[in-house]
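Trainee: This is the structure, below, for whatever I ask next.
The values are calculated or read from the model by the stated rules, or taken from the named source; none is laboratory data. Treat the numbers as computed from the prediction; the structure is a model and nothing was measured. Every residue, glycine among them, receives a Cβ derived from its backbone with ideal geometry; neighbour counts consider all protein chains shown.
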Amino acid sequence: RIYSRTRNFEKAIFYYDKMEEITKNKPHFLAQRIAGLKNRINIQLVSGDKTNIVANYKAVLKIAKESNNPVLLKNTRFSYAHMLINLKKEDEAFEILKELIPDLDNSITNHTPVFFTILSRNYEANGDYRNALKYAEKGFNLSTATNQQKGNDINRMILLSFLLKEYTNYDKYFAEHKKYGMDENSLYARKQYFLAEARYHHVKEKYKPAIANYKKVLNLKMDGQFAPTLDITAAVSLGMVYAKELNRDSAGFYFKLAENKLKRYPASPSVRYIYTNALREFNQQNNIGADSLLKSLQQEMQLKDTLYQMSLSKINHELETKYRVFEKEKALTLAKQQQQVQQLQLKQQKQKNWFILIGATSAIILLSAITYILFQRKKQAKILHEATVVNLKKQHQLEIMNRLSEAQEQEKKRVAERLHDEVGAMISIAKLNINTLQENIFKADTDSEKKLAVAQNLMNNISETVRNISHSLMPIALEKYGFKAAVLDLLTSIKTANSLTVEHVIEGLDNTENWPQHFTLSTYRIIQEIINNVIKHAQATHLFVQLVELDNAITIYIEDNGKGLKSDDNKGAGLKLLETNIAYLSGKLEIKGELNQGTFALIELPIPNALLL
């Protein structure tokens, strides 16, 4: 996704293919697999490569059907319908959309904002700017709309208000336009943003910034993408502004540019109406007769545009009517359910009162006794259950703590041995040299300077050794600069100290200062342990590390091209300790490798703060 956002499509496709290879035969990763395949197809659409897009999407639909997951299938069908609209296959797309209307807000993703955007764009293409504005406002006001969707909707509201010549809310719209910013993911969205800027300045009669933004619309390019409708609108608008400034040559130039684009690209009736009306006004102001294109366009619009409008109006009416019927049916169903609940509650209350009246005098003692006995039994059972649960939890925690304590004792022993063997030996030699230096310092022809240099070098080695031991116990970068910087520092040190080429992708992890200290350190140790195993045992030349922060978890993927794992390998102490640490953090671990084909480790750890929420 990072490479896709930075428009490095070749790298993005490489990693999506890698994801498909990893998830292909793993049913528990089916949703991630389908998401990866859809993202790969979207890259084709964005980059202008429409080869086999429909066939590829149908293959994804087949996988979704075989999953027996109705929610996943509906979500995939909606994405397919949206893609068909972008391919100008409206009829086929709308047939799917009509079936999916009852599930707009019951899918993996809430599709109501996108549905309103589709209706708004279709009404605009049909020249019905009033309904287009209504559905743009509906989409903007939805609580489930993303900031990106809100930004695109507010831009449409500015453009549609301009066409309706209603400027009462223009300042408010423009403030929201600035707040939500530009959607960088598509050429259409970026051009629409600058067109909204130009429209606002146009209305305020600030022609210089208006002209500058109209020209941005025309000059903006993106990887084979096209937005001819917005280009034609910008060219016509430039002609109108220059005509207002009495710059006849520039106005004529941009009207001619719009004419050429109309000849080259198909345009909706509303866009051609805007062009012909603007050109007619320009010709009348300058006493120019209507040219042949204007006449032919007027004749053509009486036929083709009328048929197109009728077809699009029918589709919009069907979608809107079905949506309204669905809303009414949902409201009626809810009211009926509430009425049934009230009736049931009333009936139960009457029955309860009746039994109380009949049995009050004869059964009160018996009921009290039974209630007391049941209460005591339930209380005892609850106490026993809670005690059992607490005991099991304590046993589990004790087992984990024992294993961790054993590992800590081993680590302490290792540190003590290093201090004794390395630092102790160096200190002894340094003391010997210093003592000798002290005895001979006033004697001539001695090696005092050489011994002093040896002592100094040993003391430097002692300092470096102690620093390394201290760093192994608590990384300085982790303590001072945080988790992400510590991981980057670790990877940099590996690149510098080893013959490995290291490639990494880190998404998120910019705000880890609120993580619990034990979680941050344990996560870092897990990454460090896996990488150390690669360096010591894998005989690898390439290492790939990917860290991705999700809403409530962090995923760690580490892959090398080393000698892999033998199928009969027993789990060593290091792997058992790694599994224990991950289990202590309530995480999941998957390690897979084949002989001479490398190894990968996939880890998912829930973030403690997310669990509390």
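Trainee: Of the conditions (1) modelled with pLDDT of 75 or more; (2) under 17 Å from LEU84 (Cβ atoms), LYS50 fails just one. Which one is it?
Mentor: Answer for LYS50: the failing condition is (1).
Trainee: Turning to a different aspect of this structure: State whether one or more residues within segment 140-149 are touching a Lys or Arg at 6+ places or on another chain (Cβ under 8 Å) and of a type outside the set (Val, Ile, Thr).
Mentor: yes
Trainee: Show the residue pairs meeting these rules: Cβ distance below 7 Å; 6+ apart or different chains; first residue within segment 533-561 and assigned by TED's automatic domain parsing to the domain that holds ASP510 and in a helix (DSSP H, G or I); second residue modelled with pLDDT under 90 and small (Gly, Ala, Ser).
Mentor: The qualifying pairs are ASN533/GLY574; VAL534/ALA540; VAL534/GLY562; ALA538/GLY562.
Trainee: If you take the residues of segment 164-188 that are of a type in the set (A, V, I, L, M) and crowded, with 17+ Cβ neighbours inside 10 Å, which of them is farthest from VAL236 (Cα to Cα)?
Mentor: MET182
Trainee: Just to be sure before I move on: is LYS216 in a helix (DSSP H, G or I), of a type outside the set (Phe, Trp, Tyr) and outside the structural domain of TYR242 (by TED's automatic domain parsing) in the structure I sent?
Mentor: No, not satisfied.
Results for (1) under 28 Å from GLU529 (Cα atoms); (2) surrounded by 10 or more Cβ atoms within 10 Å (Cβ to Cβ); (3) modelled with pLDDT under 70; (4) among the small types (Gly, Ala, Ser), shown as yes or no for each residue.
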{"site": "LEU374", "(1), (2), (3), (4)": "no, yes, no, no"}
{"site": "LYS412", "(1), (2), (3), (4)": "yes, yes, yes, no"}
{"site": "GLY424", "(1), (2), (3), (4)": "yes, yes, yes, yes"}
{"site": "ILE429", "(1), (2), (3), (4)": "no, yes, no, no"}
{"site": "LYS443", "(1), (2), (3), (4)": "no, no, yes, no"}
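Trainee: Taking TYR135, is it among the hydroxyl-bearing types (Ser, Thr, Tyr) and within 17 Å of LEU238 (Cα to Cα)?
Mentor: When the stated conditions are applied, TYR135 does not pass them.
Trainee: Restricting to segment 51-71, count the residues that are out of contact with any helix residue (DSSP H, G or I) (no Cβ under 7 Å at 6 or more places or on another chain), assigned to a helix (DSSP H, G or I) and closer than 17 Å to HIS28 by Cβ.
Mentor: The number of residues fulfilling the criteria is 2.
Trainee: While we're looking at this one, here's another question. Kindly evaluate LYS74 against the criterion of being at pLDDT 75 or above, assigned to a helix (DSSP H, G or I) and buried (at least 16 other Cβ atoms within 10 Å of the Cβ).
Mentor: When the stated conditions are applied, LYS74 passes them.
Trainee: Could I ask something else about it? When you go through GLU590, GLU513 one by one, which is the residue that is at pLDDT 90 or above, in the same structural domain as ALA485 (by TED's automatic domain parsing) and within 24 Å of the chain's Cα centre (by Cα)?
Mentor: GLU590
Trainee: Moving on to the next point. What residue, of PHE174, PHE162, is in contact with a Phe, Trp or Tyr (Cβ under 6 Å, 6 or more places away or on another chain) and part of a helix (DSSP H, G or I)?
Mentor: Answer to the selection: PHE174.
Trainee: Of everything in segment 516-537, what is over 29 Å from the mean Cα position of the chain (by Cα) and surrounded by fewer than 20 Cβ atoms within 10 Å (Cβ to Cβ)? Give them in sequence order.
Mentor: Of everything in segment 516-537, those that are over 29 Å from the mean Cα position of the chain (by Cα) and surrounded by fewer than 20 Cβ atoms within 10 Å (Cβ to Cβ) turn out to be ASN532, ASN533, ILE535, LYS536, HIS537.
Trainee: Of the conditions (1) modelled with pLDDT of 85 or more; (2) out of contact with any strand residue (DSSP E or B) (no Cβ under 6 Å at 6 or more places or on another chain); (3) surrounded by 13 or more Cβ atoms within 10 Å (Cβ to Cβ), GLU507 fails just one. Which one is it?
Mentor: Every condition holds for GLU507 apart from (2).
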